[in-house]
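One structure is given below, encoded as structure tokens.
The values are calculated or read from the model by the stated rules, or taken from the named source; none is laboratory data. Every value quoted in this text rests on a predicted model; they were computed, and no experiment measured them. Cβ atoms come from the backbone with ideal geometry, glycine included; neighbour counts cover every protein chain shown.
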Amino acid sequence: DQQVKQNSPSLSVQEGRISILNCDYTNSMFDYFLWYKKYPAEGPTFLISISSIKDKNEDGRFTVFLNKSAKHLSLHIVPSQPGDSAVYFCAALPGDQGGSEKLVFGKGMKLTVNP
Amino acid sequence: IAGITQAPTSQILAAGRRMTLRCTQDMRHNAMYWYRQDLGLGLRLIHYSNTAGTTGKGEVPDGYSVSRANTDDFPLTLASAVPSQTSVYFCASSPGTSSGPQHFGDGTRLSIL
């Protein structure tokens, strides 16, 4: 059973508008969450993260919100740009794992930003 | 440019053959990882290594083996490839001990016929 769920496989938005990507998780032991962005034929690249002790983290146009009680996080991109078109993966990390970080990924969501 | 290098970029392989996917990083990261990406399933961890000389099993380790003889290299071996191992394979590394996000290579696209 998927512990990290991205229930919408795709999203299409107009340039300049807000993109909201959602992610739900089931494991209450997850205490760190990350978003990765992936272009075709490239590896995922780290975008933004949030610790479970926070409910919001912002980096430029990207903001991640965490609702621990609902086991839900979302990535907001404002304003959206055509270059943001990519597949976005939500990932979660359980607590102390002795030096490694065994990320658990969602299935990914394809974002298309139309000019 | 510092980062992770994976080879080959792509490969078509007959079922039953042995194959080693190569991964090298020059960031002196302690931890390294192998993932496979399948359509509709996201990325799943195959094996990982906390530090040189140690390895561990991830979510989908069956049919794969790894070794970590030094800090920089983390090869993934398919001893006898099967069609269900057709996938895109990504190698990643991180400083370890929650000190930074994972960095990924550009992947190896492997087709088993």
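Table for the structure above
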quantity: Tally, over the stretch A:1-25, of residues that are in a loop (DSSP other than H, G, I, E, B), under 14 Å from residue A:86 (Cα atoms) and touching a His at 6+ places or on another chain (Cβ under 7 Å); calculated: 0
quantity: Subset tally (residues that are assigned to a strand (DSSP E or B) and surrounded by fewer than 16 Cβ atoms within 10 Å (Cβ to Cβ)) for the stretch A:32-46; calculated: 1
quantity: Residue match in the stretch B:15-22 (condition: of a type in the set (A, V, I, L, M) and at the interface with chain A (Cβ under 9 Å from one of its Cβ atoms)); calculated: no
quantity: Filtered residues of the stretch B:74-92 (kept if buried (at least 16 other Cβ atoms within 10 Å of the Cβ) and more than 10 Å from chain A (Cβ to nearest Cβ)); calculated: B:74, B:75, B:76, B:78, B:81, B:85, B:86, B:87, B:89
quantity: Check on residue A:94, closer than 24 Å to residue B:59 by Cα and either loosely packed, with under 14 Cβ neighbours inside 10 Å or out of contact with any helix residue (DSSP H, G or I) (no Cβ under 6 Å at 6 or more places or on another chain) (or both); calculated: yes
quantity: Residue within the stretch B:51-72 that is surrounded by 15 or more Cβ atoms within 10 Å (Cβ to Cβ), under 14 Å from the mean Cα position of the chain (by Cα), in contact (Cβ under 8 Å) with a residue 40 or more places away in the chain and more than 12 Å from chain A (Cβ to nearest Cβ) present; calculated: yes
quantity: Out of A:49, A:74, sole residue that is part of a strand (DSSP E or B), of a type in the set (Ser, Thr, Tyr) and modelled with pLDDT under 95; calculated: A:49
quantity: Positions within the stretch A:1-57 being within 26 Å of residue A:69 (Cβ to Cβ) and β-branched (Val, Ile, Thr), in sequence order; calculated: A:4, A:18, A:20, A:26, A:48, A:50, A:53
quantity: Residue within the stretch B:77-98 that is touching a His at 6+ places or on another chain (Cβ under 8 Å) and on the phi > 0 side of the Ramachandran plot present; calculated: yes
quantity: Subset of the stretch B:94-113 that is buried (at least 19 other Cβ atoms within 10 Å of the Cβ), at pLDDT below 95 and of a type in the set (S, T, N, Q) - its residue that is nearest to residue A:41 (Cα to Cα); calculated: B:102
quantity: Selected residue (only one of A:13, A:64, A:78, A:87 is within 11 Å of chain B (Cβ to nearest Cβ) and of a type in the set (A, V, I, L, M)); calculated: A:87
